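Data first, discussion second: the structure below is written as structure tokens.
The values are calculated or read from the model by the stated rules, or taken from the named source; none is laboratory data. Fair warning: this is a prediction, and the values are worked out from it, not measured in the lab. With ideal geometry, Cβ positions are generated from the backbone for all residues, glycine too; neighbour counts draw on all protein chains shown.
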Amino acid sequence: ETGVTQTPRHLVMGMTNKKSLKCEQHLGHNAMYWYKQSAKKPLELMFVYNFKEQTENNSVPSRFSPECPNSSHLFLHLHTLQPEDSALYLCASSQERAGGITDTQYFGPGTRLTVL
Amino acid sequence: AQKVTQAQTEISVVEKEDVTLDCVYETRDTTYYLFWYKQPPSGELVFLIRRNSFDEQNEISGRYSWNFQKSTSSFNFTITASQVVDSAVYFCALSPLGSNYQLIWGAGTKLIIKP
């Protein structure tokens, strides 16, 4: 496999379910990201992990819980979601360097989540 | 304020026409990157180009070309001889120095190429 992969590609869940989204990057990068893309809204950054440490959490509700066990894998654990959480969830990775300037982010195909 | 504006919400052209997607950005930083991404209906964001703020040379890649003008804070994208496969949403993004890994995204331009 090459690039950034995400599973599952589609997920339908009830509001009381618990599920997890998985992302894996094969690019040797040291930073990984979760984004949410809702219809007719800008792309929203949810979480950033750099060298496995969470560096950003953009006021995301606690029903979304990220996990980064190593620099190649990123999970998003979901529980008691709301219908408004239905969206496309995109994972990305990049190779970050000193200076804080973000380099090119490479994206996975996304997980289309529907919450009933 | 740091901001990216893609004023064209949707553009529709007939195949083989040339089309230009506009991107205007705001930043006080002198060091930054600019990006273009393509999002086809499948959903994946595909990286197209990265431009360093110190490199104002225009870039051409096949039918794609980019015009970077710091004087007008614009980074426009032109597709020559458009094809149906170019139909997608195109996003422009800014990464200023000290952005702390956050890209500043434009709202995107939906491009429809009709056969």
Counted residues, region A:94-116 - those being under 12 Å from the mean Cα position of the chain (by Cα) and in a loop (DSSP other than H, G, I, E, B): 3
Residue selected from region A:1-30 under the condition aliphatic (A, V, I, L, M) and farther than 14 Å from A:LEU90 by Cα, by the criterion farthest from the chain's Cα centre (by Cα): A:MET15
Single residue of region A:13-24 satisfying the filter (at pLDDT below 95 and among the hydrophobic types (A, V, I, L, M, F, W, C)) that is nearest to A:GLY108 (Cα to Cα): A:MET13
Any hit, region A:54-72, residues being surrounded by fewer than 21 Cβ atoms within 10 Å (Cβ to Cβ), within 9 Å of chain B (Cβ to nearest Cβ) and not in a loop (DSSP other than H, G, I, E, B): yes
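Let's see how each residue does on (1) out of contact with any strand residue (DSSP E or B) (no Cβ under 6 Å at 6 or more places or on another chain); (2) closer than 30 Å to A:ASN30 by Cα; (3) modelled with pLDDT of 90 or more:
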{"position": "B:GLU10", "(1), (2), (3)": "no, no, yes"}
{"position": "B:VAL13", "(1), (2), (3)": "no, no, yes"}
{"position": "B:TYR37", "(1), (2), (3)": "no, yes, yes"}
{"position": "B:LEU48", "(1), (2), (3)": "no, yes, yes"}
{"position": "B:GLN57", "(1), (2), (3)": "yes, yes, no"}
{"position": "B:ASN67", "(1), (2), (3)": "no, no, yes"}
{"position": "B:SER87", "(1), (2), (3)": "no, no, yes"}
{"position": "B:ASN100", "(1), (2), (3)": "yes, yes, no"}
{"position": "B:GLY106", "(1), (2), (3)": "no, yes, yes"}
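Looking at region B:36-77, which of its residues are of a type in the set (Ser, Thr, Tyr) and surrounded by 13 or more Cβ atoms within 10 Å (Cβ to Cβ)? Don't jump to the end; show me each part of the working.
First pass over region B:36-77, keeping only residues of a type in the set (Ser, Thr, Tyr): B:37, B:42, B:53, B:61, B:64-65, B:71-74.
Within region B:36-77, B:TYR37, B:SER53, B:TYR64, B:SER65, B:SER73, B:SER74 qualify.
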Qualifying residues in region A:63-93 (those that are of a type outside the set (S, T, N, Q) and over 13 Å from the mean Cα position of the chain (by Cα)) - the one nearest to A:LEU113 (Cα to Cα): A:ASP85
Evaluation of A:LYS36 against (1) in contact with a strand residue (DSSP E or B) (Cβ under 7 Å, 6 or more places away or on another chain); (2) farther than 14 Å from A:LEU113 by Cβ; (3) not in a loop (DSSP other than H, G, I, E, B) (one fails), failing number: (2)
Unmet requirement for B:ALA81, which otherwise passes all of (1) crowded, with 17+ Cβ neighbours inside 10 Å; (2) at positive phi: (1)
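Restricting attention to region A:42-53, and to residues there that are part of a loop (DSSP other than H, G, I, E, B) and facing chain B (nearest Cβ under 9 Å), which single residue is modelled with the highest pLDDT?
Initial filter on region A:42-53 (part of a loop (DSSP other than H, G, I, E, B)): A:42-43, A:51-52.
Next cut, facing chain B (nearest Cβ under 9 Å) only: A:42-43.
Working: A:PRO42: 82, A:LEU43: 90.
The qualifying residue modelled with the highest pLDDT is A:LEU43.
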Residue match in region B:16-35 (condition: surrounded by fewer than 17 Cβ atoms within 10 Å (Cβ to Cβ) and closer than 25 Å to A:TYR89 by Cα): no
Residue check for A:LEU88: facing another protein chain (nearest Cβ under 7 Å), assigned to a strand (DSSP E or B) and not aromatic (Phe, Trp, Tyr): yes
Boolean, A:LEU76 is touching a residue at least 12 places away in the same chain (Cβ under 8 Å), under 19 Å from B:GLN102 (Cα atoms), within 11 Å of chain B (Cβ to nearest Cβ) and aliphatic (A, V, I, L, M): no
